[in-house]
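Worksheet: one structure, shown below.
The values are calculated or read from the model by the stated rules, or taken from the named source; none is laboratory data. Computed from a predicted structure; not experimentally measured. Because the Cβ atoms are built from the backbone with ideal geometry, glycine has one as well, and the counts that use them run over all protein chains shown.
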Amino acid sequence: MKSLVLIIFLIVSVSTANAYHKQLDSLLHVLDKAIQDKNIYAAKKEGAIDSLKTRLHESSDVKDQIAITKEICLHYIVFMTDSALLYTRKLEKYALQANDYEEYIDSELFRVRILKTMGLLKESTDILNNVDTLRISEDLKTFYLYTKMSVYNLLIKTSENNDEKKRYQTITASLRNRLVSEETLSPMDYIYVNTERLIQQEKQYDQALRDLRDAYANLDPEEREAAILAYSIAKVYEEKGDTDKAIEYLARSAIADIKNGVKEYMSLRRLAAVLFEYGDVNRAYSYMKCSMQDAIFYNARLRTLESSEMFDFIDKAYQKKEDQRQILLLTILVIIGVLLTFIFFTLLYVYKQKKRLSITKDELSRSNKLLMESNQSLSDSNILKEEYIGLYIGHFSDYLSKIEQFRLKAQKIAKTQGEQALLKFIDLSLDPKDNLEEFYKNFDETILRLFPNFVEEINKLLLKEERISFKANSNLTPDLRIFALIRLGITDSIKIAYFLRYSVSTIYNYRTKMRNKAAGNRDEFEGLVMKIGIDKDIT
């Protein structure tokens, strides 16, 4: 059961943490957009200042001029030091014109606030030490003590001497206690001073955090006071070690500062440092760069110095990261290049292999076709041979029968009619001319039986005007018999001459004349004759 509860707790914790980090990332995106639009907010602030300047120019009442100039100083004190100092001098001038020591000291305190942001702390303390606190009102005295405390807070941070630092800490603590216990502070000033006392002197972080958050909840998160409170809350969270919450409130503070056109701030600079420690170098670089630009615009030596030192450090890390990114990018490009080269050569190899395979396939197809043609030719030859042998056996059988009949009749004549009658019978029965004609007739019938379209096929190979006229049931001409023998594979002119009872020269002349009558290449004529009767559709 305990294990189940622990698992559920862990799941809920992880889910909550993920949801919070998404919210934090969303807040940082809002800050990124605010930084992108910071010139718009700065222009809005300049517009408000210009409006006050117009009112000041139109006013002739010294008290009204003092009030308007204070408003201008309040704008410039967080926007541009040079202009702020210029208008504090105008404020002093108006106070002297009015012969009002209270307003004069107020203008001096304005000047101290500007000088301390510029890092001119000695000049600030000199002015404070020259103030006659007995001649000013309680409200202004409270403001004087508050201003003095803020100056000594900076002296603590900037002092490198431990004894001096301790002395400044004692003075600051004394001023803080006096402000909280004896002076009448505004509600917001009281929260600032008291929470600082709780943190610095009593280490009561939780109580300080409650007071600050309660006050923050009652403000518009985008107003200037909210920016100051959010920064104070972030500092407490940093002291408590809660970095995520510190980042959240630093971001809230920075958003409010930028949207109010503030150039003198600490939140964005501190946020850059925290994010850098967190490993978000890109945002840290962007935020510190913005802080540096605004510090230069504001012309605050102290802020510029603080920003530049941190910016140099972050810039080196950023450049290192960029160098690593460039190296990684270059490495990736090299790898991609190698892969593309490999792919190119692989495709080239595949293409060549495919081409070779295609050539091999074509050669194989041609070889297969030739083999099939050879097989068909062989098959046709076998069929021809079988049929020719059958016809030959038939003719030979008939010839044997005739010999037997001739023998029996010759014996009978020899017995009954004598020798002279026998010789006469032999002379009449064995006439070579009659036997040769019968042989040619049988040969012609055999050829036309084996190749029914022999004459038509021969004519297809001849020129139209040279084609042979042949009637059905007639004998083959000598030249047809010659090429019939060639079709049967007897190509030797001597054998053809012996077979047909012609001279070799006669056979040669017949063959030459037929070749000369060929419609195509005469050298291929006899080869085409030998293919007569072979199936043309073999593929």
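Numbers for the structure displayed
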item: Checking residue 64 against (1) surrounded by fewer than 19 Cβ atoms within 10 Å (Cβ to Cβ); (2) within 23 Å of residue 266 (Cα to Cα), the condition it does not meet; result: (2)
item: Among (1) in contact with a helix residue (DSSP H, G or I) (Cβ under 9 Å, 6 or more places away or on another chain); (2) farther than 14 Å from residue 444 by Cβ - the single one residue 524 does not satisfy; result: (1)
item: Condition met for residue 139 (surrounded by fewer than 15 Cβ atoms within 10 Å (Cβ to Cβ), touching a residue at least 12 places away in the same chain (Cβ under 8 Å) and not in a loop (DSSP other than H, G, I, E, B)); result: yes
item: Within segment 495-530, considering residues that are without any contact (Cβ under 8 Å) to a residue 12 or more places away in the chain and β-branched (Val, Ile, Thr), the one nearest to residue 478 (Cα to Cα); result: 506
item: Exclusive hit being farther than 18 Å from residue 77 by Cα and either over 41 Å from the mean Cα position of the chain (by Cα) or surrounded by fewer than 17 Cβ atoms within 10 Å (Cβ to Cβ) (or both), set 228, 247, 233; result: 233
item: Helices (runs of 4 or more DSSP H) wholly inside segment 385-487 that include at least 3 residues being surrounded by 14 or more Cβ atoms within 10 Å (Cβ to Cβ) and at pLDDT below 75; result: 419-429
item: Any chance residue 163 is loosely packed, with under 12 Cβ neighbours inside 10 Å, under 54 Å from the mean Cα position of the chain (by Cα) and of a type outside the set (Ser, Thr, Tyr); result: no
